[in-house]
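Written out below as structure tokens is the structure these notes cover.
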Amino acid sequence: MPRTPLLVPASSAPPRFRIRPIPAFAGAVIGGLLAIVGSGVVSIGVAFLVLPASALTPEALQDPAFMERVMSNYPIVASSVVATGFFLVVVPMLTAKLSKVSIKEALGFRGAPPLTFVLAPIGILALGPTSDRLVMWMQEYFPNWTMNALGSIEAFVTAHPAWMLWPIIALAPGISEEVFFRGLVQRAAGFGRFAIILSAVSFSCFHMDPHHVAGVLPLGFYLAWLGARTGTTLVPIVAHVANNSTALLASKLAGPEANITAAEHLPLWSLPVGWLIAGGCVYGIWRVTKDRKRWLGPAAEEVTPPLTVSPDWRIVRSVGAVESVLGYIRQAHLRPPGVGVGIFQAGPALDELLPSLPPRVAHSHALLEGFELEDLRDGQRYDFKFHLDFETGQAVFELPGLELGDDGTPGPDPSEAASDSTETPEAPGASEGAGASDDGQPAEPSA
């Protein structure tokens, strides 16, 4: 087999799974503007097609009743909603594509525990009385702070059958808004408190009418938390569609006499009852998503960028006073929780082992039996898992018991530090993880 070069250039950078903040901000601004302006242009174009010429004269356009006729016209409103949804979905996908990031991971098209798809809609419906009460208080204390968006929606819902309304009232907004705000905006900002606040506030403000913004805000925080906790936009999409569908159904069943002021007939005790139900759903979702690494996926790992710590390591085996150096890892980057990538440099022991190995090395443990990974900075040695690509010279190593200290340098496993210092350590290389894959089988190098 060909000899491994002493020093091989680093291979290409690993794929990214999150859109960087600057491209994400640019995409959010462009997408939001296109959704607002583009949908307006589309609706104006459709209005010229469906409205009679007499309704488009300068005098008719100045008539206060003109906007009411427009907002109750199904083709005009439907085209506006579809255009808005189009830009809210396409722009995030293009942003991910131009950033060379996986669309699936960048926008959170991932699976989640089945129970979350059941609890999430129940939780958001339980917050309905809170949302309605906030709108009622806004109408009571700030009656002039409105664009009458809620009244226009109510009039539009009253004028058309439910089967025509559901795609543009529940389905399209539920999908497009979640892809944009939970996918593009929130995931680019991470999975912490800042990302949740940014996503919830921007989502609420997107509804523009202050009365509507107030009612949407608690729902926005709940949807943002769902996205952060489950690691997917699919759960918020299901919850959002369920909420809008229920609101649509309730409005149709209540009849044209009902409007948002019906919230005043809800007793105040309905608010804490809703909070208790929503809290129970939050607890249930929290319980079934405890495996954070599994459900958040690789995008969450990019919250902490790669750290250049102790860039030089060597793979060494000691037998008495004799040391055998299999090779070195140079320019290593260590990423929590203890996985690193570096450039492999062959050592004398590798040259001795190569002639005895078959043309294709079947298992990397054939090279690693009895070897440990030594930090050349301080001489500390660790049991480790190791994968070597002979073609590129890239070495990927995992240190199962290693954590990063506050200063970004390797530190001992806390459980080991707390154990009895007189305990007899394992023989070098005897660790279960050394030279083996996660399932206990020998790890295979890339060929």
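Coordinate-derived values only; no laboratory data. Because the structure is a prediction, the values reported are computed rather than measured. Backbone-built Cβ (ideal geometry, glycine too); neighbour counts: all protein chains shown.
General observations
- Summing +1 for each Lys or Arg and -1 for each Asp or Glu among the other residues whose beta-carbon sits under 13 angstrom from that of residue 211 gives -3.
- Among the trypsin sites (Lys or Arg not before Pro) in region 64-166, those placed in a DSSP loop whose Cβ has at most 15 other Cβ atoms within 10 Å are 100.
- Straight-distance crosslink candidates among lysines, where the alpha carbon sits under 17 Å from residue 104 and sequence neighbours closer than 8 are dropped: 293
- Region 96-182, Rg to Rh (Cα coordinates; Rh as Kirkwood inverse mean 1/r): 1.07
- When peptides 80-92, 111-123, 242-254, 53-65 are sorted by average Cβ neighbour count within 10 Å, with the highest value leading, the order is 80-92, 111-123, 242-254, 53-65.
- Annotation: extensible slack from residue 144 through residue 201 equals 18.3 nm (criterion: 0.36 nm per residue apart, minus Cα-Cα distance).
- Loop-resident chymotrypsin sites (Phe, Trp or Tyr not before Pro) (DSSP state other than H, G, I, E or B) in region 142-172 with no more than 14 further Cβ atoms inside 10 Å of their Cβ: 145.
- Estimated vicinal HN-Hα couplings, Hz - region 40-52 in sequence order (Karplus 6.51, -1.76, 1.60; Gly, Pro = x): x, 5, 5, 5, 5, x, 5, 4, 5, 7, 9, 8, x
- Percentage of interatomic Cα-Cα distances in region 41-115 larger than 21 Å: 51 percent
- Ordering 177, 154, 140 from the fewest to the most neighbouring beta carbons within 10 Å gives 140, 154, 177.
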